[in-house]
Amino acid sequence: MSAATTHRFDLTDQTITCYLARPGRGSGAAAPLVLLHGGGVDRRMWGPQLSAYPERTVIAPDARGHGGSSDADGPHRLADDVVRLLDALEIDRAVLAGVSMGGGTAVDTALEHPDRVAGLVVSGTGTSEPQFSDPWTLSTLAEWNAAQERGDLEGWIDAFMRLGAGPGRTADDIAPGVWQLVETMARETVAEHLRVAPDGTPIPPFPATPVTRTWERLPTIDVPVLALSGGSDGADHRAMCARLAASVPIGDHQVIPGTGHYPNLEDPVAFDHAVREHLVRHGL
């Protein structure tokens, strides 16, 4: 596989920046793999995966409002953005792998554009309509939202990092390089994509138009789905992964022990092994 390079696509209403790694000569006709990052971070979270699948094209884009892509400053649907990127790359169908927000986008794309999706790998969520009931998650989300409303960057970062680590875990439980990367991406997302009013009040990004009835529509997804939970992720995130796998016709749920919301970063060997086995098992 060639080294991943950065590409920018100037489309009608947006710019999409992505990493792109092409397979080496003699590779088969494996489906391209699109890696969709979580909210608040960017394509750099997929660093360990860019060279892990040398038999296929690997694409890791920045979503709107993140990294090198356009600000989220108008109506949009993230699933439609994925399809526009596939069009720009002249790719008919791809396997979509996503963590958290990216996992929801992957499921949305399979629901709204089923002819463009060959398979799904989803981690840290079930669909783009997350459902929370666990007291730890609800409390941490409330702190995160409150910090955002009062423009408290450090409070926002603190709650965001706790959600990524999982209940009962701190920076001491996570490899320093992983913790630093996630925090750096989050800070840069705020600095580069969050506009500020003249009085200094942060202006929230334009919210993505939601895809609705996602949970009840899951049985219509007829491609293989692998749901990967971090064993130390929040209870709600793990439960949604399990529910996703149980709700689709071809679903498998696996747990990667000792990892939180970003298992691909905390244990890339286990994550990539699970994904590779899934792709090979289903001939993708």
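The values are calculated or read from the model by the stated rules, or taken from the named source; none is laboratory data. Quantities reported herein were computed from a predicted structural model and do not represent experimental measurements. Every residue, glycine as well, gets a Cβ built from its backbone with ideal geometry; the counts of neighbours run over all protein chains shown. Surface areas here come from the heavy atoms of the whole protein model, side chains and all, with no ligands, DNA or RNA. Shrake-Rupley method; radii C 1.70, N 1.55, O 1.52, S 1.80 Å.
A few remarks follow.
- Spin-label model distance (nm) - R213 vs A171, 7 Å beyond Cα toward Cβ: 4.7
- Accessible surface computed residue by residue for the chain, with neighbouring protein chains in place and a 1.4 Å probe, gives 43 Å² per residue.
- Bridge type composition, region 136-284 - antiparallel percent by DSSP, nearest 5: 25
- Most mobile listed residue (A88, A79, A239) in the chain, GNM with C-alpha springs under 10 Å: A88
- Within a Gaussian network of the chain (alpha carbon springs, distance under 10 Å), most fluctuating of A110, A242, A142: A142
- Computed Kirkwood radius, in angstrom, where 1/r is averaged over Cα pairs of region 104-253: 17.1
- Region 85-162 - convex hull of the alpha-carbon atoms, volume per residue in Å³: 120
- Loop-located trypsin sites (Lys or Arg not before Pro) in region 1-88 (DSSP state not H, G, I, E or B) with no more than 12 neighbouring Cβ atoms inside 10 Å: R25.
- Inter-label distance, nm, simple model (7 Å from Cα along the C-beta direction), E188/L153: 1.5
- Debye log10 I(q)/I(0) for the chain, one point scatterer per Cα, at q = 0.07, 0.13 Å⁻¹: -0.23, -0.85
- DSSP beta bridge pairing in the chain, given as percent antiparallel to the nearest 5: 35
- Per residue, the chain reaches -11000 deg cm²/dmol at 222 nm when only DSSP H runs of four or more residues are counted, each adding -39500 (n - 2.57).
- Among the GluC sites (Glu not before Pro) within region 41-126, those in coil by DSSP and having at most 12 neighbouring Cβ atoms inside 10 Å are E90.
- Whole-number percent relative contact order across the chain, with pairs defined as alpha carbons under 8 Å at least 6 apart: 19
- Taking the protein heavy atoms of region 17-60 in the context of the full set of protein chains, the accessible area attributed to carbon and sulfur is 52 percent at 1.4 Å.
- Most mobile of P210, P249, P135 in a GNM of the chain (Cα contacts under 10 Å): P135
- Portion, in percent, of the accessible area of region 149-284 that falls on carbon or sulfur, probe 1.4 Å: 56
- Sorting D267, D236, D172 by accessible area puts them as D172, D267, D236; the probe is 1.4 Å, largest comes first, and only protein heavy atoms count.
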